[in-house]
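Here is the structure we will look at.
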Amino acid sequence: MIPIRHIGPIITAPPLSATQRRQHGRAVVPGSDALRNVELFDARGALNRYQKVITAGNSSFEYLRMARVILDPSGPNYKPIEVKLPQDAEAIFYVNRGKAIIETASSSHALGMGDLVYAGIGDRILISAPEGICDVSEYRAIHCHTRYPTVLVRHAEIEGTPLAADVGTKRPMSKRTVYKLVDQNIQACRLLFGDTFMGQRGGVGSYPPHFHGPDGPSGLGAEAKEEIYHFRCASDIEGDTPYVLQNCARPPEKVNTYVHVFDEQAINVTPNYHDTIAPPSIDFMFVWCLGAFTENVRDWSAIVTRPGYENEW
């Protein structure tokens, strides 16, 4: 099992609109010189604010949304952040680093790095920072119609269980642990969620190339999933700008198409074969969130592996 760890410092940004958060990755499709546009997002939080990152207006996501909350009680305008979910939305509140208190209508939870709270439709959540700066991401699914109970998930409770999957054993460069924090252990309408930590610098994540559209090799049907990746990257070269290369080849293409993704960027990987390559100097992790096209069809393993890579898991 690869242990969870801090990668890079907390980075904040000035308050930005959802339009400003949208960035446009471009990659050349090999063999054609065509440019592919890829949905990227500036995922940095704004200090002591609720900051929307992915919305209906700045993305093609039908179900998934993302926001950040970075709180520092020693900073200006600090106060706890209240989030009231609408009657058709469920959400996950995940602590990237630091310690947070998350209060619900019936309980209060102290969370550390990697811990999360799942909140059902219509829930009210209050986030505060008891011991200095904390960094929280919200992942939300909309068009939900069943209310499930609020649940606390501690990262340590998943470690060492079947929900902590060691994968990439055939290729040392792809060795990693996929922590399935919200899977069949949690009742939810659409959401599946976890984080992935690599075994070495310069690793390959999400390998082999796959996507969550199990209704055919080139389609996204009723059992498919939307997906967000949010990356944290750090380099051991002083002054270097850390990044990973994310495959954005689409079924049934036979060639890879990679786009640069930098620290604190999120990417829509829904229509693409996923695999992630890092330069030798780069350590990275990523948080992933899936949103099921069909409510309660939440089988994480229902994927299409790129032809020829079936035996690489």
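Rule-based calculations on the coordinates, nothing more; no lab input. Source: prediction; values computed, not measured. Neighbour counts run over all protein chains shown; Cβ positions are idealised from the backbone, glycine included.
When the P(r) of the range 226-294 is calculated, the portion above 13 Å amounts to 64% of the C-alpha pairs. Placing a label point 7 Å from the Cα of His145 along the Cα-to-Cβ direction, the residues of the range 77-117 with a backbone N closer than 14 Å are 88-89. With a Förster radius of 25 Å, plug the Cβ-Cβ distance of Asn311 and Glu223 into 1/(1 + (r/R0)^6) and report the FRET value to the nearest 0.05. It comes out at approximately 0.60. Stretching the chain fully between Ser74 and Ala105 yields a gain of 8.5 nm (0.36 nm per residue, less the alpha carbon separation). Neighbour counts of other Cβ atoms within 10 Å put Asp215, Asp72, Asp195 in the fewest-to-most order Asp215, Asp72, Asp195. Taking N as the residue count of the chain, its C-alpha radius of gyration divided by 2.2 N^0.38 Å amounts to 0.94.
Our note on the geometry: Cα centres of the range 120-136 and the range 1-49, 23 Å apart. Per-residue Karplus couplings for the range 268-274, computed as 6.51 cos²θ - 1.76 cosθ + 1.60 with θ equal to phi - 60°, are listed in order as 8, 9, 3, x, 10, 5, 8 Hz, Gly and Pro entered as x. Ordering Val304, Val28, Val244 from the fewest to the most neighbouring beta carbons within 10 Å gives Val28, Val304, Val244.
Cysteines in the chain lacking any other cysteine Cβ under 4.7 Å from their own Cβ: Cys134, Cys233, Cys248, Cys289.
Applying a threshold of 30 Å to the alpha-carbon distances of Lys170/Lys254; Lys175/Lys225; Lys99/Lys170 flags Lys99/Lys170 as lying beyond it.
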